[in-house]
Each structure stands twice: as C-alpha cells, then as structure tokens.
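Before any comments, here is the structure.
The values are calculated or read from the model by the stated rules, or taken from the named source; none is laboratory data. Just so it is clear, the model here is predicted, and its values are computed rather than measured. Cβ sites come from the backbone with ideal geometry, for glycine too, and all protein chains shown count toward neighbours. With ligands, DNA and RNA removed, areas are computed over all heavy atoms of the protein, side chains included. Shrake-Rupley method; radii C 1.70, N 1.55, O 1.52, S 1.80 Å.
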Amino acid sequence: MADATNIEPLDRDEEAFLRALGRVMTLLPRLVDADMLEDQPISGTEYMVLVHLSEVPDNQMRMSELAKLCGLSLSGMTRVVNRLESQSLVVREKAPDDGRAWLARLTSAGWTQLKQAWPTNLASVRRHVFSRMDGCDIAAAAEALERIAPR
C-alpha cells in the first residue's frame, strides 16, 4: 500500500465519479430486486445466478467460481443456491474431480424460470440504467467498468 502522505487528493470529477459509482452499486441491485420480486419468484441476484449457469458448458459451475462472478462470498452464494435449490431451479452436486468442491447445476425448471424472468429483468435494467444514458458512449462506459472489475 502506498504512503498516504504522498497521494494526491481526488479532483472534483474523480470525487463525483466515485460517489456516483458508490450510489449505483448500492441502489441498482435494490431497484432490480424490487422489480423482479414484484413479478417473479426470484430476486435479481438469483436471476444472475441462473444466467451465469445458463452460459457455461453443461450448465454447471463450481460454487466458488459462481460466487466470484456474482460478487458474493462463498457463504452468500450458498444461501442464494439454497433458495434456488428449494424451488428446484438449481441442484448442488459434488465435483467429480474434487471431493471438497461443490457444483451448482441449472435444472430444466431453472431454464423455464430464467426464460420467464428475462422480460422482467430486461425491463428493469432498461428503466433504471439505459433509459438514463442517452448520449453516453455505452461501449466506453463498459470498457471503463471492465478496467475496474475485470472478469
């Protein structure tokens, strides 16, 4: 870590960006969750778990990798997967190559729920994000955010 006495303070634009980013990181998941739970039996976080599982071979992934992709702790991911498992949307299985690791696998019911929830999620992110970004370079914004949080 750098010596704090030699670090330049943030300029006005940097400070404004950092504060706005913090508000988005806090508020956006709440807004999407509220929209999802109004119309669907799953939250925005649960929806993203289903999305990630739908995009990988065999629709399964190590719990630790899934947690990382979703920005959750392993215990947080376990709680989310437990909720999805109770709805038969996901099953948990021991990893065949590592008896200590667990895999989460999307079920056919999970696929069905994902397809049903997609319009609600799409409408939510369009309303809360993209409707407010007219005139912004979306590709440049995505690139900047990828630099902060690379995959």
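Laid out as a table, the results:
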quantity	calculated
Condition broken by residue 6, with the remaining ones in (1) open to solvent by 70 Å² or more (accessible area, probe 1.4 Å); (2) at pLDDT 95 or above; (3) polar (S, T, N, Q) satisfied	(2)
Residue count for the range 69-104, restricted to those that are more than 14 Å from the chain's Cα centre (by Cα), touching a residue at least 12 places away in the same chain (Cβ under 8 Å) and assigned to a helix (DSSP H, G or I)	3
Verdict on residue 145 being crowded, with 16+ Cβ neighbours inside 10 Å and either within 23 Å of residue 27 (Cβ to Cβ) or in contact (Cβ under 8 Å) with a residue 24 or more places away in the chain (or both)	no
Hits in the range 118-151 (condition: farther than 18 Å from residue 32 by Cβ, basic (Lys, Arg) and part of a helix (DSSP H, G or I))	147
Count of residues meeting criterion [assigned to a helix (DSSP H, G or I), among the aliphatic types (A, V, I, L, M) and out of contact with any Phe, Trp or Tyr (no Cβ under 7 Å at 6 or more places or on another chain)] in the range 31-68	11
Search result, residues across the range 22-52 that are more than 12 Å from the chain's Cα centre (by Cα), touching a residue at least 12 places away in the same chain (Cβ under 8 Å) and open to solvent by less than 40 Å² (accessible area, probe 1.4 Å)	35, 36, 40, 42
Those residues of the range 71-86 which are open to solvent by 40 Å² or more (accessible area, probe 1.4 Å) and either closer than 27 Å to residue 26 by Cα or among the aliphatic types (A, V, I, L, M) (or both), in sequence order	71, 72, 73, 74, 75, 78, 79, 82, 83, 85
